[in-house]
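Take a look at the structure below.
The values are calculated or read from the model by the stated rules, or taken from the named source; none is laboratory data. If you're wondering where the values come from, they're calculated on a predicted model, not measured in any experiment. SASA here: full protein model, heavy atoms, side chains in, ligands and nucleic acids out. Shrake-Rupley method; radii C 1.70, N 1.55, O 1.52, S 1.80 Å.
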Amino acid sequence: VDMQSSIDGVVETADTEPTQSAQIEPGKVLQASIDGVVDMQSSIDGVVETADTEPTQSAQIEPGKVLQASIDGVVDMQSSIDGVVETSDIEPTQSAEIEPTQSAQIEAGKKVLVLCATGRVGKNVCLALKEAGFDVYGTSRSASAILVSMGVTSVLANYTVRTDLDRALAETGCKRMVCITDFFLAAGNSAQKEEAQGKDMFAAAKAAGVEHLIFISVIDADLFPKEVTHLVSKPILEKFLKEKAGVPFSILRPGCFFEDLNEPSNYPNPLVKGKLSYLSKCENGWPMTATYDIGRAAARQLLQPDVWLGRTMDVVSWKGTLAEMALALEKVGGVPVKAGLAMSLLARRFFLNDLHQMCLYFDAGKVKATVAQFKEEVPDAFSAEDWFRHAKYANGQPIVPDVVPGVH
């Protein structure tokens, strides 16, 4: 549109006859590379000089837009330049003049592979990246309807197996990758196995020439006591990524997941109407994170590699107590909510000492990352109310009756 306005202005000022449109050769538009844009600019300069137009108008023709154009995009742009270039002059065979390698490079820049895409983190990362305009591929051990529903290409692969990772990267051609490790399920409660799986991810990315790998770690990864066994491998993998992996990277450090408020299979702690339970009362205000915001943070890093490569972003969507979460649920759901512990502190310490030690760390209020810092990158990060508004109860019923929940 900017280029059209510029050309219209030139044509009107110079009172140029339609026959002058031949000065802009259609073939040069279709052949556009950086050099091609310069050539096209030279043709337009002839018209500009006739009109005695200021040179600054040439900046309205943006080479980046031409470089990003697909064949259809160029034809559409060509059709819009009425009275300057007649579309009938463009022969279909001219499309072959755009080199396949250039098209592949353009497409590769939009592709991103998300590992463990059907997990509670992975599916929301996929959603956020898709909404940000990326061509998203997600690994899954079987065909996934939920990925298909989001417009994500499902890649059959076990993300913990190196050969599957190599194949997934080769088949998709992705040069961007988002990875997460899973202590409890994929690694079978083994920090050593989780570490090995993480290093395999990094090695596969390096071998495939990945240009930007995002590792999802955890807030304050290097500060938790060693008794928090499910987080032991996170700082080890961060250090390895920074010092030895040999792949361009950035790191995301989320806080506690809002999704933990609805854990039917763990503790167990299902989210039911009129009740909200958690492992702690979060008296000092816990750093909470919507997994959807992890995806939006990933998009932010991928869109600004010059800013984020080699750096870490803390992902804290909201901070608050269990009582404040209950008030948020009550406001959104429209029914009174009673808040309480999912189990007694004694039972938590005896049966879940790993999580008990993590709770003690968060209860001490040691986390320095702030919501304000994260909102500098994601201004509309989810509050507790936002998360409940998009969530469901454990029985699948939407918390807000008139709102169809997303996968948040």
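Binning all Cα-Cα separations of segment 284-408 at 5 Å, short to long from zero, yields these whole-percent fractions: 2, 10, 15, 18, 18, 17, 12, 6, 2, 0. How large is log10 I(q)/I(0) at q = 0.11, 0.18 Å⁻¹ when the Debye formula is applied to the Cα atoms of segment 156-305, each weighted equally and without solvent? Listed by q, the Debye log ratios stand at -0.48, -1.18. Calculate, in whole percent, how much of the Cα-Cα pair population of segment 271-314 lies beyond 17 Å. The share of Cα pairs beyond 17 Å in segment 271-314 comes to 55 percent. Which links in 206/239; 234/338; 244/375 stretch past 23 Å when you go from one Cα to the other? Among 206/239; 234/338; 244/375, the Cα-Cα distance tops 23 Å for 234/338; 244/375. Our estimate of slack between residue 156 and residue 370, defined as 0.36 nm per intervening residue step minus the Cα-Cα distance, is 73.3 nm.
Averaging the Cα positions of each part gives two centres, and for segment 257-333 and segment 140-186 these lie 24 Å apart. Remark on segment 220-324: ratio of C-alpha radius of gyration to 2.2 N^0.38 Å is 1.25. In this structure residue 216 has an accessible area near 10 Å², from a 1.4 Å probe over the protein heavy atoms.
For segment 282-408, the solvent-accessible area with a 1.4 angstrom probe is 48 square angstrom per residue.
Surface composition of segment 249-312: carbon and sulfur atoms hold 47% of the protein heavy-atom accessible area at a 1.4 Å probe.
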